[in-house]
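**Student:** The structure under discussion is supplied below as structure tokens; questions concerning it will follow.
Any read-out appearing in this document is the output of simple, stated calculations on the displayed coordinates, not a laboratory observation. Here the structure is a predicted model, which is why all the values come from computation and not from measurement. Note: ideal-geometry Cβ built from the backbone for every residue, glycine included; neighbour counts use all protein chains shown.
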Amino acid sequence: MTEPESGRHQADLVTLPPPPEHAGPVVQPGPPPPALAGAALAGVAGSVREVAALAAPAVVSLLSVTLMWTADTFFIGRVGTAEQGGVGLAGTVAWTFLVFFVGVLNAVQIFVAQHVGARSPRGAGEMTWQGIYLGLAAAIPIMGLSFLAERLIAALHVDAAVAPHAAVYLRIRLLGAAGVFLAATCENYLRGVGDTRSPMVVTFVANALNIVLDYLLIFGHWGLPVLGVAGAAWATIASGFLQAVALFALFERRARRDGHLVRAIEPARRESLGRLLKVGMPVGLQWLLDMGSWTVFTLVVAQISAVQAAAHQVALSVLHFSFMPGYGISVAATTLVGQYLGAGDRAAALRAARSALRLALSFMGAMGIAFFFLRYTFIAAFNPDPAVIALGGRLLLFAALFQIFDATNMVLSGVLRGAGDTHYPMVATIIVSWAVFVPLVWLLSLHLGHGAAGGWFAAVIGLGSLALVLRHRYVGRGWLARELVVEHAAAAAAGSAQQ
């Protein structure tokens with residue numbers, strides 16, 4: 001249970017911490033921010049219904065992203081088990097290179113949400129453009145790593161049957177870094193203003209294209225060459241760039257309409273880039289080192305056998321169908337907490353946090369039950385190999401166990417990010433991932449010989465430990481009284497003007 005039962009229905013009566021001495025900009029009376037207007041007028045600010053309304057399109061969008069990831073796994077599973085293991089491994093390695101800057105760019109959502117809540121619209125557009133500049137600059141060295149793909153995979157000492165397929169997939173996927181970062185920045189802007197529907201539509205179209213291209217390029221239909229693993233990678237790259245271009249167009253149109261931009265292109269500003277990095281780097285490090293711990297786990301499994309690698313990858317693909325909706329609810333929590341705190345309504349921010357937590361626990365708890373009863377059916381849908389089905393079914397038992405912990409971690413991290421508290425989740429995640437999870441993976445998977453199943457049991461312990469640590473921070477409610485990122489920006493701007 002993530003909250004004392006006696007306090008679950010008393011959000012309106014809870015004693016809030018006193019406002020900070022540095023109150024920041026005073027919120028002027030007037031209409032509520034556009035994303036919250038309907039909820040505020042209906043008197044349901046921070047309710048489960050409001051969180052669900054904002055989260056639902058994000059959940060659909062993220063499930064569509066899951067389809068992009070799992071489509072490659074599904075189609076490649078029809079080519080061969082070694083190919084499937086290689087695609088899964090390379091996808092994990094590629095995401096490890098990308099995830100730091102994707103996490104840093106999550107700060108765009110935090111800044112935009114708080115600027116919208118505080119009714120300082122120009123700041124929302126400016127910070128989004130800083131994110132675009134940062135993402136495009138970061139893409140250059142990552143795309144350059146494409147030329148080292150074979151060496152990178154060779155250095156990991158993976159199974160000989162898996163390695164060549166992993167190298168091909170990694171080399172191509174890294175070329176899509178610019179599209180990934182541009183899409184992430186613009187989607188974070190739209191989430192920050194409370195628009196989760198537009199990214200949903202764009203993502204759905206992009207992923208539909210990915211599935212079609214997978215079918216055509218992997219197997220060589222409609223007169224196209226049979227590209228196999230390379231075809232899966234090129235399909236993902238093409239659909240990703242389509243998504244980036246469409247989201248950028250939506251950002252420009254929405255930002256100019258709502259007064260967030262007074263010109264089509266904002267110049268790069270060193271001070272704004274510095275603020276973005278200060279807030280975003282803890283998120284990037286949190287995501288990188290969390291992902292890094294799972295990458296270590298995947299590499300350990302890949303050294304054992306092709307069957308272990310394939311079962312592990314298929315189980316991860318199935319897991320995304322609960323993880324991504326949970327993250328969608330976390331996205332809604334970040335937006336609502338950021339907007340309500342920006343508007344000075346800490347009671348509504350607390351209600352939104354509680355509502356998001358209840359929603360995620362309910363959904364992911366139900367998914368845990370589904371994993372338990374349908375585990376072999378889920379695995380068989382991705383790989384018909386009886387050995388993969390048997391092992392993958394065991395792995396989903398552990399996934400069923402940690403669903404409640406995962407829901408708690410995602411939502412509470414989103415709540416703290418919305419308040420601008422990005423440092424604590426980073427430290428907690430790093431300590432648990434590398435002092436608990438990774439050592440247990442080595443001990444159980446390799447030293448004691450339990451393979452992938454031992455590592456997934458280590459995940460139950462690690463995620464449970466992290467849930468306890470984040471819950472401690474959430475229950476303390478110090479996040480409600482933090483200095484907002486928009487207050488810090490206003491103070492910085494005032495100091496520069498005086499100089």
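**Student:** For the chain, take the longest principal axis of its alpha carbons; what is the angle in degrees between that and the long axis of helix 177-192, to the nearest 10 within 0 to 90?
**Tutor:** 40
**Student:** Then there is this: Does anyone have the angle between helix 386-401 and the longest principal axis of the chain? Alpha-carbon axes, 0 to 90°, nearest 10?
**Tutor:** 20
**Student:** Here is a further query. With point charges of +1 on the Cβ of Lys and Arg and -1 on the Cβ of Asp and Glu, referenced to the Cα centre of the range 39-498, which listed residue (His450, Asn409, Ala235) lies farthest in the positive direction of the dipole?
**Tutor:** Asn409
**Student:** Find out how many positive minus negative residues lie around Leu416, taking Lys and Arg as positive, Asp and Glu as negative, among other residues whose Cβ is under 12 Å from that of Leu416. List each step's numbers first, then the result.
**Tutor:** On the way: positive: Arg417, Arg471, Arg473, Arg477, Arg482; negative: Asp421.
Surrounding charge for Leu416 is +4.
**Student:** Also: Kindly provide the pair-distance distribution of the range 39-498 built from C-alpha pairs, with 20 Å bins from 0 and whole-percent values in order of increasing distance.
**Tutor:** The calculated distribution, bin by bin, is 26, 59, 16, 0.
**Student:** Separate question: Could you state the number of Å between the C-alpha centres of the range 161-208 and the range 355-380?
**Tutor:** A separation of 25 Å, based on Cα centres.
**Student:** Going by average Cβ density within 10 Å per residue, which order do the peptides 380-390, 97-107 take, highest to lowest?
**Tutor:** Peptide ranking by packing, descending: 97-107, 380-390.
**Student:** Also: So if a site counts as exposed when it's one of the GluC sites (Glu not before Pro), its DSSP state isn't H, G, I, E or B, and it has at most 15 other Cβ atoms within 10 Å, what's the longest stretch of the chain without one?
**Tutor:** Here the longest run is 22-482.
**Student:** Between 0 and 90 degrees, rounded to the nearest ten: what's the tilt of helix 485-498 against the longest Cα principal axis of the chain?
**Tutor:** Orientation of helix 485-498: about 60 degrees from the principal axis.
**Student:** Give me Rg over Rh for the range 361-452, both radii from the alpha carbons and Rh done the Kirkwood way, two decimal places.
**Tutor:** Taking Rh as the inverse mean 1/r over Cα pairs, Rg/Rh reads 1.07.
**Student:** Still on this structure: Can you tell me the dipole magnitude for the chain around its Cα centre, using point charges on the Cβ only (Lys, Arg +1; Asp, Glu -1), in Debye to the nearest 20?
**Tutor:** 600
**Student:** Say the dipole of the chain comes from +1 at the beta carbon of Lys and Arg and -1 at that of Asp and Glu; which of Gly103, Gly274, Gly464 then lies farthest toward its positive end?
**Tutor:** So the residue furthest toward the plus end is Gly274.
**Student:** Of Ile218, Met200, Ser305, whose Cα points farthest to the positive end of the dipole of the range 39-498 (charges on the beta-carbon: +1 Lys, Arg; -1 Asp, Glu; origin at the Cα centre)?
**Tutor:** Highest projection toward the positive end goes to Met200.
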